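Nothing in this text is a laboratory measurement; each read-out follows from the coordinates by a stated rule. Just so we're clear, the structure is a prediction, and the values are computed from it rather than from any experiment. A quick note on method: Cβ atoms are made from the backbone with ideal geometry, for glycine too, and the neighbour counts reach across all protein chains shown.
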Amino acid sequence: MTIYVDADACPVKAEIERVGTRHSTRMVIVSNGGIRPSENPLIDTVIVPDGPDEADKWIAERAGPGDVVITGDIPLAAKCVEAGAQVLKHNGDALSSANIGNILATRDLMADLRAANPFMQGGGRGFTKADRSRFLDALERALRRVAGSKGVS
């Protein structure tokens, strides 16, 4: 079991380290740079080359069944769900085969609407303490689910 973190804009890296360490789980923090490597022996820091979606490609090539991926990138989440990984957004929302299609379609629709209307910008809500709390709970549940499925073999 490995936790892969799409780290470039991840607001919950400290929480991932805390929960991952408690579960003695390997964590891989992937970014284009600007991330200080952790001294935690369970954490590997991977710096990928500059370029669009390089961190996403690196994670998508490696994540699979028994892994947990933390990302806000919906196309990356879709690839990881398809590969059999558990996927969580930074606010604790779980992405699965049951909901990723609708989420991906909504993302694409909103991108098209923003492209058609230059005055329609952002407007997303900020990251809250409640989001952080939901994320911690969701990560804990995901790690227990993965550990439980490995014990059932």
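Give the residue that is farthest from the chain's Cα centre (by Cα), with candidates limited to residues of the stretch 2-22 that are crowded, with 18+ Cβ neighbours inside 10 Å, touching a residue at least 60 places away in the same chain (Cβ under 8 Å) and assigned to a loop (DSSP other than H, G, I, E, B).
Selected residue: 12.
Please go through the stretch 45-60 and pick out each residue that is closer than 16 Å to residue 79 by Cα, in contact with a helix residue (DSSP H, G or I) (Cβ under 9 Å, 6 or more places away or on another chain) and free of Cβ contacts under 8 Å to residues at least 24 places away in the same chain.
Across the stretch 45-60, the qualifying residues are 53, 57, 60.
Go through 60, 98, 55 for me and flag whichever is in contact with a strand residue (DSSP E or B) (Cβ under 6 Å, 6 or more places away or on another chain) and either in a loop (DSSP other than H, G, I, E, B) or of a type in the set (Gly, Ala, Ser) (or both).
Answer to the check: 55.
Select, from 66, 33, 51, the only residue that is within 19 Å of residue 139 (Cβ to Cβ) and surrounded by fewer than 17 Cβ atoms within 10 Å (Cβ to Cβ).
66
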